[in-house]
Amino acid sequence: MTDESIVGRGTREGSRLFRGWFDELTAAADRGDRAAYVFVMGSLNEVLRCFDMHVTFPEINSLQLAVRRVAHEYLCEAEDQGYSPDICGYVKADVATQLRCGKHPMGRIPKPSIAVLTNACNTYVKWAEIWERMHGIPVFTIDVPGHRQLGVHTKPGQGQFESDRRYVETQIRELITLCEQISGKKFDIDRLRENMAHANTMSRCWKRILELNSNTPSVFNALTDGTIYLGVANGLRGTPEGAQYFEQLVEEMEYKAANNIGTTVDEQHRLSFVGVPCYPIFRRFNELFTDWGGTFVSSTYLWFASGGTNCGYEYDLTDPIASLSEGFLLSVRDAMDSMFDQTSMVRDSIERFDIDGVVYHPIKSCRTVSTGLADSRRSLMEQTGVSSLFIESDMMDRRVVSEAQLKNRVDAFFEGLISRKQQHAAAGGH
C-alpha cells in the first residue's frame, strides 16, 4: 500500500458516497417512494431501514445549501413567506426546499411519509409541525430523558437508568408499529439485527478515529474532514456501505499515525472547536486558522452531530430492541451533553489532545448550541487557563458573516497564543 492509494481516501470516498446518497434520494423522489425525515441527534436509521424507507436529514440538506453558496436564496424565500429572520436558518432553508418541491443543488429531496424526532433540540418539535401542516404526515417524537443533575450520569444496570431505558423502549416499539402501518411491511427483527451490526462497526470505528487524532501531527482536520465523515456517519448508518467506509477510514488513519503523516497544514497550534462551523464561507473560515498553522484536532460538533456515535456503543444483537433503546438513550444523552454541558468534555480533552487553544463559535441561527457559550468559555479558562477565542457568525446566513471582522479576531488570537508560548518557553515551561 502506498501513500497515494490510502492518504486522502476517506475524503475522496466520502464525497463519492455522499453524492451517491443524494442520487438515491433524487431517484426516490422521482418514483414517489416513502421517505422518513429525521435528525442527526437520534435518527433511528436502524429501524427505518427495516421498512425500506429512504432517510433524509433536513439539517444536512440545509447546510449543503450554505456550503454551495445558495442558502441566501432559500432563506429569503422563507422569510417572504413570513418566517422570522431570527429563527433557525436550517428551518428556513428547509421550508424553501419544500416550497420548491424538494429542488436542491445536490438533487431532489423526496416528500416525507413520516417525521421521526427527539427532544434533543427544542427546534425539532416546531420544525416537524411545519411538515405536518405541509404534507399531512404523522410526526413521531421520542422523549429521551436527560440527566437529572449536572455531572451525575446514571449507567446501565442502575435503577433510574433502567426505568428511562424501558420508557424509551416502549416508544421505539410504538414507532415500529406505526412504520408497519405506513409501509405495509411486517417488521423483521433479523433485518434489524443486520442494520444494528453495521451500526456497531461504524460506532466502533468512529470512536477509534476520534482517538487517533490525539496523534501529533493530527491525522485529520476535525472541522473540514470531520464534516465529510459526519455526512457518511448519518446518511449511511446501518448500511454495509457505511460500515465498510469507516473500517477503511480507520485503516487510513492508523496508517497516517504510524507513518507520522498529518494534514496538509504545517501543524503549529492544536485547536479545539466548540459549536457549529461557518458554512457560508466554510473553506475560507478554516483557512483563517490554517494560515497560522492552526489545526482543529477536536470538535464538539463531531460529538453531538454524530448523534452519540462517538461514544462507541455497540448493540447486543441477542436482545436487539432492548439494546437499541439502551444505546439510543446513551447516545442522545451524550449528544445533548455535548451541547449543554460541553465544558467538562472540552476540559477533559485538552490534555488528551494536547490542545493549545479553544475556539468558541456561537451562531445567530441556533440558540440551542450557542446559549451559554460565553459562560462556558469563562469557566474553562478559570479551570484550565487555556487560551480561547470567542467569535460570532452563522452556519447559514451570509448576511451576518463578516470575514474581515473574523480575520481580525483570529489574527489577534494567534498573536496572543504565540506570545504566550514564547513566554512559557522562556520560563522553561511547556
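Any read-out appearing in this document is the output of simple, stated calculations on the displayed coordinates, not a laboratory observation. Model, not experiment: these values are computed from the prediction. Note: ideal-geometry Cβ built from the backbone for every residue, glycine included; neighbour counts use all protein chains shown.
Angle of helix 342-352 to the longest C-alpha principal axis of the chain, folded into 0 to 90 degrees and rounded to 10: 50°.
Beta bridges from DSSP with both residues in segment 3-426: antiparallel share about 10 percent, rounded to the nearest 5.
Can you give the Rg/Rh ratio of segment 124-192, where Rg is from the C-alpha atoms and Rh is the Kirkwood radius?
Numbers: Rg = 15.9 Å, Rh = 14.7 Å.
Value, to two decimals: 1.08.
Taking the longest Cα principal axis of the chain as reference, the axis of helix 159-183 is set at about 50 degrees. Ordering S365, S338, A28 by the projection of their Cα atoms onto the charge dipole of the chain, which places +1 on the Cβ of Lys and Arg and -1 on the Cβ of Asp and Glu, puts S365 at the extreme positive end.
Normalised by the number of residues in segment 3-426, what is the relative contact order in percent for Cα pairs under 8 Å and 6+ residues apart? Averaging sequence separation for qualifying contacts and normalising by length gives 19 percent for segment 3-426.
Using Cβ point charges alone (K and R +1, D and E -1), the dipole size of segment 3-426 about the Cα centre works out to roughly 620 debye.
Counting charges near P112 (Lys, Arg +1; Asp, Glu -1) among other residues having Cβ under 10 Å from its Cβ returns a value of +1. Close amide H contacts of S113 (hydrogens built in the peptide plane, cut-off under 5 Å, sequence separation of 5 or more or a different chain): A35, A36, Y37.
At a 10 angstrom cut-off on C-beta neighbours, averaged per residue, how do the peptides 332-339, 372-379 rank from highest to lowest? Could the numbers behind the result be given before it?
Working: 332-339: 23.1, 372-379: 16.1.
Taking the mean over residues of other Cβ atoms within 10 Å, the ranking is 332-339, 372-379.
Taking the fewest neighbouring Cβ atoms within 10 Å as the starting point, the ordered list for I130, I209 is I130, I209. Taken one residue at a time, the phi angles of segment 370-386 give Karplus couplings (6.51, -1.76, 1.60, θ = phi - 60°) of 8, 4, x, 5, 5, 5, 4, 4, 4, 5, 5, 5, 5, 7, 10, x, 5 Hz. Gly and Pro are set to x.
Compute for the chain: radius of gyration divided by Kirkwood radius, i.e. Rg/Rh, restricted to C-alpha atoms, rounded to two decimals.
Values: Rg = 21.3 Å, Rh = 22.3 Å.
Radius of gyration relative to Kirkwood radius: 0.96.
Charged neighbours of E382, selected by a Cβ distance under 11 Å, balance to +2 (K, R count +1; D, E count -1).
Could you please report the charge total around R237, scoring K, R as +1 and D, E as -1 over all other residues with beta-carbon less than 9 angstrom from its beta-carbon? Numbers along the way, then the final one.
Working: positive: R49; negative: E46.
Surrounding charge for R237 is 0.
Counting neighbouring Cβ atoms within 10 Å and putting the fewest first, the residues L44, L192, L271 line up as L192, L44, L271. Measure nothing but the geometry: give the 0 to 90° angle between the long axis through the Cα atoms of 9-31 and the longest principal axis through the Cα atoms of the chain, rounded to 10°. With rounding to tens, the tilt is 30 degrees.
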